[in-house]
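Bear in mind that the values in this text are calculations on the coordinates, not laboratory data. For clarity, every value in this text was computed on a predicted model and none was experimentally measured. Note: ideal-geometry Cβ built from the backbone for every residue, glycine included; neighbour counts use all protein chains shown.
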Ligand SMILES: [Ca+2]
């Protein structure tokens, strides 16, 4: 506030009178965007991103205005009704960005507010702040054996979509839109399929476990032609152990039939 003092017949010893004129200060009109705060800087196609635009009334009287929000040069949203903001106050205005039909990519966010009458500074009515990236979901498939060890060079197929081989760490990566997928991993004769409902970045482990099999007996006899009252030695050390699918089942015991038992069996026939 400014003021003027006018003196009249002002001298020492005389009664003094002072007339004061108060001048009404000129109203200042200045509305400004001070910040843009998105709910995320990375989203997926179809996501709705909340974006807060912080507006401050730096002037001396209430102001009405509208906010418009853009990604690059494209319109995101605009306030439907004028926002009224008291002087020397600020407010966050929430706008939504539906990314459903927006191509993949990175976009710069810009907000604008309409200038108010007699605005002294319009340079702060626009603000560019933040880059939001719209990207596909990442599906990381890790192919392992029955013991959890990675299987390199396994083929991973997103049925009807994409195919890739696993790296040395058993990993294959895919970029996909939201949805339900059938994923098949295979290596040699082994294969396994799982379905996954992709609603975000996902890590999927697929185990390729061979089917279980029993031990295989293998032996030699010495001499190969048995002689009466001569000892025949059998050696079963060439027998192969079985597997339960994940572990080798070692042979813990070999059983033979004695000569006496063999004779008894022959007599029984
Ligand atoms: Ca302004």
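Here are the numbers for this structure:
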| quantity | calculated |
| --- | --- |
| Estimated Rh, the chain: Kirkwood, alpha-carbon pairs, angstrom | 27.4 Å |
| The chain, relative contact order in percent, only Cα pairs under 8 angstrom and at least six apart counted | 13 percent |
| The range 137-207: C-alpha pair distances exceeding 16 Å, % | 38 percent |
| Helix-only CD estimate at 222 nm, as mean residue ellipticity for the chain, using -39500 (n - 2.57) per DSSP H run (n ≥ 4) | -1000 deg cm²/dmol |
| Size-normalised alpha-carbon gyration radius of the range 14-159, reference 2.2 N^0.38 Å | 1.77 |
| Full-extension gain in nm, residue 19 to residue 129, via 0.36 nm per residue minus C-alpha separation | 34.3 nm |
| Alpha-carbon radius of gyration plus Dmax, which is the widest Cα pair, for the range 122-269 in Å | 29.4, 117 |
| Nearest-0.05 FRET efficiency for residue 72 and residue 165, computed from C-beta distance (R0 51 Å) | 0.85 |
